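One structure is given below, encoded as structure tokens.
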Amino acid sequence: MAGNAVLRARMADLGLTQDELADRMNSALLEITGRPGDVSARTVRNLLSGATRRPIGRTRAALERVFGCPSTELGFVPSASALPPEDPVLRRSFITTAAGAMAAGVPGITPRRSAGMSDVIRLRDGMAALTALDQSRGGHVALESTALARAAEAVRLQQKAVSQTVRQRLLSVAAHYMSTAAWSCVDARQLDRARTHLNEALHMAGMAQDSAAQLRVWNSTAMLAQQRHEFGESLAASQAAQSTAAARRDPLFSSLAHARTAISHASRGDRNPALCSLGHAENALAKADLDVPRAPWIGFYGPAELAAIAAIVHELLDQPAYAEAASHRALASLPGDLRRNRSMAIVRLGSAQLHQGEAEQACATTSAVFGLMADNPLPGRLRTMIGDFHRSLFTVAPSAQVARQWADRYRTEWSTA
């Protein structure tokens, strides 16, 4: 037999297994008749295989209640009668319930509002646009608000009649959108809001049993702690990212977690552990298949981003020549559409040049950021980096004419952008 492809597709849309559909049908019969149903997985297999082409009585009523449509729209042959001969008591119970509903002006079978895999896919498809917006413009209020709204929608949907599989996937989507909102706050330096969003994202990722979402949250938590100068917490968060199943399964995720750990060690002045973690990140990245499709949020990470992170590590370890070389490697391979990331690499390059006594070159390098980000306000994290460069410039070369010229030209621009 060809089987019932329509029913199979509707089950897939709701993310239902055969056992889960049987459970849902039994719950529907309990609502309709007041008595538990006795639908089994075998009943569902017969419906799917085509062995049962014309479901009748309780089976038909349960199917129509679960899917919210007539059985003919589920690929079945129209039934000649509404109910089969069956136990008189159960038959009277069913008829009484249906008649009562009709007398009240309510259809005997009402559609059940539910959510399915189509909702999951729709929400997932929206992530790519937000990721691209972040990579181009950086964190800002509109990005945060949109991500929060979509996270809230995913949470609302999983509270409807859904299978366990769909519920977990919706929670996973919610966790990723909440992580996007948190990251937007980290980049905009709205640190208290970022912590609140990350706590919620971690809770959702745990309920979804999504280790990639958990790794993402720990990665952002490490960056948030870094901004707060809470270096012990940053190290703990980056090591938590390393321990996730996602990091164990995928060398790319492992590389990111080790790279973040390298920054945490370097911030604490632990030179050897920092360089060791950086080496682990490089080795893991060499094993990663970069052509494997992954979630949009991890698209920023690869050889260019690892080189940018290496520049941070060397800068923290007071190795400006190594930091300059790593920054050049990053800029040589960072895609042009990652404007925020390129801008940050440019500032790090300028800082490395400055700390090698090349004040004029450093100012020329750093000034390129304003042209690159001309169309949008500077994200808070980038403004802070330029402010650090400005202060270092007047520490290293306080009397240099180029320092005064740079300050006169850009002080207002970077501080108010």
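The values are calculated or read from the model by the stated rules, or taken from the named source; none is laboratory data. Every value quoted in this text rests on a predicted model; they were computed, and no experiment measured them. Cβ: placed from backbone, ideal geometry, glycine included. Neighbour counts: every protein chain shown.
Close contacts from region 367-389, counting a first residue that is touching a residue at least 40 places away in the same chain (Cβ under 8 Å) and a second that is surrounded by 15 or more Cβ atoms within 10 Å (Cβ to Cβ) and not in a helix (DSSP H, G or I), with Cβ to Cβ under 6 Å and a gap of 6+ residues or different chains, come to Pro377/Ala417; Leu378/Ala417; Pro379/Gly138; Pro379/Gly139; Gly380/Arg189; Arg381/Arg189.
Yes or no, residue by residue, for (1) in contact (Cβ under 8 Å) with a residue 12 or more places away in the chain; (2) under 23 Å from Leu354 (Cβ atoms); (3) assigned by TED's automatic domain parsing to the domain that holds Phe389:
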position: Gln226; (1), (2), (3): yes, yes, no
position: Gly232; (1), (2), (3): yes, no, no
position: Arg248; (1), (2), (3): no, no, no
position: Asn272; (1), (2), (3): no, no, no
position: Ser277; (1), (2), (3): yes, no, no
position: Leu285; (1), (2), (3): yes, no, no
position: Ala295; (1), (2), (3): yes, no, no
position: Ile312; (1), (2), (3): yes, yes, no
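Being among the hydrophobic types (A, V, I, L, M, F, W, C) and either under 17 Å from the mean Cα position of the chain (by Cα) or not assigned by TED's automatic domain parsing to the domain that holds Asp119 (or both) is the filter here, so list the residues in region 158-171 that pass it. Passing the criteria: Val166, Leu170, Leu171.
Every test in (1) in contact with a His (Cβ under 8 Å, 6 or more places away or on another chain); (2) farther than 19 Å from Ile298 by Cα is passed by Glu153 save one, and that test is (1). The residues of region 210-226 that are among the polar types (S, T, N, Q) and crowded, with 24+ Cβ neighbours inside 10 Å, listed by number, are Gln214, Asn219, Ser220, Thr221. Here region 239-278 is the region considered, the condition is being within 22 Å of Asp318 (Cα to Cα) and of a type in the set (Ser, Thr, Tyr), and the residue that is nearest to the chain's Cα centre (by Cα) is Thr261. Write out, first by first residue and then by second, each pair whose Cβ atoms fall under 7 Å of each other, whose residues are 6+ apart or on separate chains, and whose first residue, in region 314-343, is on the phi < 0 side of the Ramachandran plot while the second is buried (at least 19 other Cβ atoms within 10 Å of the Cβ) and hydroxyl-bearing (Ser, Thr, Tyr). Here the result reads Glu315/Ser351; Leu316/Ser267, each pair linking region 314-343 to a residue that is buried (at least 19 other Cβ atoms within 10 Å of the Cβ) and hydroxyl-bearing (Ser, Thr, Tyr). Kindly establish whether Ile346 is within 19 Å of His280 (Cβ to Cβ) and in contact (Cβ under 8 Å) with a residue 24 or more places away in the chain. Against the criterion (within 19 Å of His280 (Cβ to Cβ) and in contact (Cβ under 8 Å) with a residue 24 or more places away in the chain), Ile346 does not qualify. Within region 173-195, being under 23 Å from Ile121 (Cβ atoms) and surrounded by fewer than 22 Cβ atoms within 10 Å (Cβ to Cβ) holds for no residue. Residues that are under 17 Å from Pro296 (Cβ atoms) and under 11 Å from the mean Cα position of the chain (by Cα) within region 180-220 comprise Thr180, Ala181, Ala182, Trp183, Ala201, Ala205, Asp210, Ala212, Ala213, Leu215, Arg216, Val217, listed in sequence order. Among residues of region 133-146 that are among the polar types (S, T, N, Q), those with a Cβ under 6 angstrom from a residue that is in a helix (DSSP H, G or I), sequence gap 6+ or separate chain, pair up as Ser136/Arg339. With respect to the numbered conditions (1) at pLDDT 90 or above; (2) within 17 Å of the chain's Cα centre (by Cα); (3) under 30 Å from Met344 (Cα atoms); (4) among the charged types (D, E, K, R), which one is the sole condition not fulfilled by Asp134? The failed condition is (1). In region 178-226, the qualifying residues are those that are in a helix (DSSP H, G or I) and among the basic types (Lys, Arg), and the one that is farthest from Pro251 (Cα to Cα) is Arg193.
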